[in-house]
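Participant: Below you'll find the structure I mean.
The values are calculated or read from the model by the stated rules, or taken from the named source; none is laboratory data. Because the structure is a prediction, the values reported are computed rather than measured. When we count neighbours, we look across all protein chains shown, and the Cβ atoms used for this are built from the backbone with ideal geometry, even at glycine.
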Amino acid sequence: MTPYSTLARYYDLENADFTEDLDFWLELAEDHGDPILELGCGTGRVLLHLARRGHVITGIDNSPEMLARLESKGVQLPAPGPQAQVNAPTRARLDVSIVRADMKDFSTEKRFRLATMPFNTFMHLLTLEDQIAALTCIRKHLQPGAALALDMPNPGEAYAAPAGEQGLTLERTFMDGESGSAVQQFSSVAVDRAAQLAHITWLYDSVAPDGAVRRAIVPLTLRYTFPGEMRLLLEKCGFTLAHLYGDYQRAPFADGSPRMIVVATAP
């Protein structure tokens, strides 16, 4: 069982108001053209936003639970199995394809003009070996001159926080339409600075109309990558760092930037 076995149920609900990155991905898609590859497409938050605006896009994901949520939105999924893929016209006849595979080792005949890893996806690669494997595999699937964009938090901000595990923080409250429950989402984070890992525990407390409370606990580990380290990783895997942004408005990355958004090119 993976964290997304439980997290998938709440993912769209907790991110319903998170739209500030969508214009950035749309502008990038319009700058570089189709076809587009999205790694870790999940429930389709970004993938469907681009497809509904006329872009040709392929999504890669290996979480059955997240892909089931995508399927519920009208996207046809491939049958279970390694490297399963399907051209997946939706009810709205969007040009979407899905590959059910690990982003470290996938294969598709298409070659892309743009590859994206939105909203912390790159952080799921927990070792240098995993990062290199994923970047190398992506590079093989890009056309000459194509771009790669990675979005993650500024690691300096996490390292500036006091050491040790934080107490519980109430992140948000939202309604679960499936159960009719109000859900309170809490988080606790412990940063292992030597290993560059964030050990996160998500708590979802569902409060039913009769007052009964049910708690779901989701542990998740993510890896921080620093700017200099990222430059070396990209160069090793055949990319050239083109831009380093600090937010979705493309401000230059600096001390205190909320995000670290990497745009690289594949010569």
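Participant: Just to be sure, is I57 out of contact with any Asp or Glu (no Cβ under 8 Å at 6 or more places or on another chain) and of a type in the set (A, V, I, L, M)?
Facilitator: So I57 fails the test.
Participant: Those residues that are among the small types (G, A, S) and modelled with pLDDT of 90 or more, I need them from segment 152-180; list them, please.
Facilitator: Within segment 152-180, just G156 meets the criteria.
Participant: Moving on. Kindly indicate whether any position in segment 203-221 is buried (at least 17 other Cβ atoms within 10 Å of the Cβ) and within 29 Å of T136 (Cβ to Cβ).
Facilitator: Yes - at least one qualifying residue is present in segment 203-221.
Participant: For segment 4-53, name all the residues that are among the hydroxyl-bearing types (S, T, Y) and at pLDDT below 95.
Facilitator: Y4, S5, T6, Y10, Y11
Participant: With the checklist (1) under 27 Å from T2 (Cβ atoms); (2) in contact with a Phe, Trp or Tyr (Cβ under 7 Å, 6 or more places away or on another chain); (3) assigned by TED's automatic domain parsing to the domain that holds D130 in hand, flag the one item E229 doesn't pass.
Facilitator: Among (1) under 27 Å from T2 (Cβ atoms); (2) in contact with a Phe, Trp or Tyr (Cβ under 7 Å, 6 or more places away or on another chain); (3) assigned by TED's automatic domain parsing to the domain that holds D130, the lone unmet condition for E229 is (2).
Participant: Determine the pairs where a residue that is of a type in the set (S, T, Y), located within segment 220-233, has a partner that is surrounded by 21 or more Cβ atoms within 10 Å (Cβ to Cβ) with Cβ atoms under 6 Å apart, the partner being 6 or more residues away or on another chain.
Facilitator: Here the result reads Y224/P155, each pair linking segment 220-233 to a residue that is surrounded by 21 or more Cβ atoms within 10 Å (Cβ to Cβ).
Participant: If I ask for residues that are charged (D, E, K, R) and surrounded by fewer than 22 Cβ atoms within 10 Å (Cβ to Cβ), which ones from segment 101-154 would you list?
Facilitator: From segment 101-154, those charged (D, E, K, R) are 102, 104-105, 109-111, 113, 129-130, 139-140, 151; that's our starting set.
Result: D102, K104, D105, E109, K110, R111, R113, E129, D130, R139, K140.
Participant: Considering A212, A190, which residue is small (G, A, S), out of contact with any Cys (no Cβ under 6 Å at 6 or more places or on another chain) and in contact (Cβ under 8 Å) with a residue 24 or more places away in the chain?
Facilitator: Details: A212 fails: in contact (Cβ under 8 Å) with a residue 24 or more places away in the chain.
When all the criteria are applied, what remains is A190.
Participant: Right, here's the next one. Output the qualifying pairs, or none if there are none: Cβ atoms under 8 angstrom, residues six or more apart or on different chains, first residue in segment 47-68 and buried (at least 24 other Cβ atoms within 10 Å of the Cβ), second residue among the basic types (K, R).
Facilitator: From segment 47-68, the pairs are T58/K110; D61/R100; L67/R100.
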